[in-house]
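Below is one structure, written out as structure tokens; comments come after it.
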Amino acid sequence: MFVSGFTFINSAVRFDYPIVEAIQSIVPLCDEVVVAVGDARDGTRALIESIDSAKIRIVDTVWDHTLREGGRVLAVETDKAYAHISPQADWAVYIQGDEVLHEQDLPAIREAMERHLSRRDVDGLLFKYKHFYGSYDFVGASDRWYAHEVRVVRAVPSVKSFRDAQGFRIRNNEPLRVLPVDATVHHYGWVKPPQVMQDKRVQFNKLWHDDDWVETHVVGPESFAYEDHIRSLHRFEGPHPRVMQRRVAAMNWTFSFDPSQNRWTWKERLKSLAKKLGVNPNYANYKLLRR
């Protein structure tokens, strides 16, 4: 079984992405890792080059900043990385620049890839998510955070990144047929120094909206006020991935939240009830197979 990894990144230094940790977290699963590195001049390429692994292969790309509808450029860059994986690959492990796998989950992921290798009806594997917010001590508690997404795909030419690169399509633009794997993606996109977070929000929204919209809805104070943009969080009790320990220890800003003060909208309460009744109330970017 040959396994390729693939990811894309741009402005990792400017926006403090844990891309090094993201790549390090999938290297043990992969025979190669393709990294599409954008054309930002903030030292991102040198950062990727500094990772001590012969498995990493860099593909230099130029971002099309005219693609400002629906975050489409993110899918384009994902496809550029995927296009360079080895033709001998059976599976491809996808990771984004602010996502990290936990080392304790790697055996389950490899076992699932091996077990389903010959099942041609399985297009991918579905992962659980923990979305960290404000600091490394809290995770999102409401359904505004997506609970699952596909992060291992069958390595076939028809796989394409979908919309803003959250998921994939296959064959004739069909959702992937997937099976769940007992593994969790740790998403750290909302854990950054407040000034960096605000800078990232302004620039990131330009991938979806024009300058006037961004100026009206996003541009504001120099620092992002985490406490003004969240209603409900859980305290994180488990250990972070080993590769994240240095970042966690180096956190140099403060954020606190009292989970007993969680506020739930009526929509969130209805969705919670639906889940208890065995109904998925959220949009699913895949087709879940029976085992």
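The table for this structure:
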| read-out | value |
| --- | --- |
| Asp121 charged (D, E, K, R), part of a helix (DSSP H, G or I) and within 20 Å of Val159 (Cα to Cα) | no |
| Checklist (1) without any contact (Cβ under 8 Å) to a residue 40 or more places away in the chain; (2) surrounded by 18 or more Cβ atoms within 10 Å (Cβ to Cβ) applied to Asn172, failing item | (2) |
| Tally, over region 209-233, of residues that are under 20 Å from Ala141 (Cα atoms) and surrounded by fewer than 16 Cβ atoms within 10 Å (Cβ to Cβ) | 5 |
| Residue in region 64-86 that is modelled with the lowest pLDDT, counting only those that are basic (Lys, Arg) and not in a loop (DSSP other than H, G, I, E, B) | Arg72 |
| Filtered residues of region 211-246 (kept if of a type in the set (Asp, Glu), closer than 17 Å to Gln195 by Cβ and part of a loop (DSSP other than H, G, I, E, B)) | Glu222 |
| Filter result for the condition that a residue is over 28 Å from Leu288 (Cα atoms), in contact with a Lys or Arg (Cβ under 8 Å, 6 or more places away or on another chain) and among the hydroxyl-bearing types (Ser, Thr, Tyr), over Thr61, Thr66 | Thr61 |
| In region 92-106, residue surrounded by the most Cβ atoms within 10 Å (Cβ to Cβ) [restricted to those that are touching a Ser or Thr at 6+ places or on another chain (Cβ under 8 Å) and part of a helix (DSSP H, G or I)] | Asp105 |
| Filter result for Val139 (in a strand (DSSP E or B) and not assigned by TED's automatic domain parsing to the domain that holds Val159) | yes |
| Conditions (1) assigned to a strand (DSSP E or B); (2) out of contact with any His (no Cβ under 8 Å at 6 or more places or on another chain); (3) not polar (S, T, N, Q): number failed by Phe127 | (2) |
| Selected residue (only one of Ala46, Ala54, Ala22, Ala89 is in a loop (DSSP other than H, G, I, E, B), small (Gly, Ala, Ser) and farther than 24 Å from Ile170 by Cα) | Ala54 |
| Complete set of residues in region 1-11 that are closer than 28 Å to Pro87 by Cβ and in a loop (DSSP other than H, G, I, E, B) | Met1, Phe2, Asn10 |
| Pick from region 186-208, criterion surrounded by fewer than 19 Cβ atoms within 10 Å (Cβ to Cβ) and within 15 Å of the chain's Cα centre (by Cα), ranking: modelled with the highest pLDDT | Gly189 |
| Residue tally, condition among the acidic types (Asp, Glu), in contact with a strand residue (DSSP E or B) (Cβ under 9 Å, 6 or more places away or on another chain), under 21 Å from Gly5 (Cβ atoms) and surrounded by fewer than 16 Cβ atoms within 10 Å (Cβ to Cβ), over region 34-82 | 2 |
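The values are calculated or read from the model by the stated rules, or taken from the named source; none is laboratory data. Just so it is clear, the structure is predicted and the values come from calculations on it, not from any experiment. All Cβ positions, even for glycine, are placed from backbone atoms using ideal geometry, and neighbour counts span all protein chains on display.
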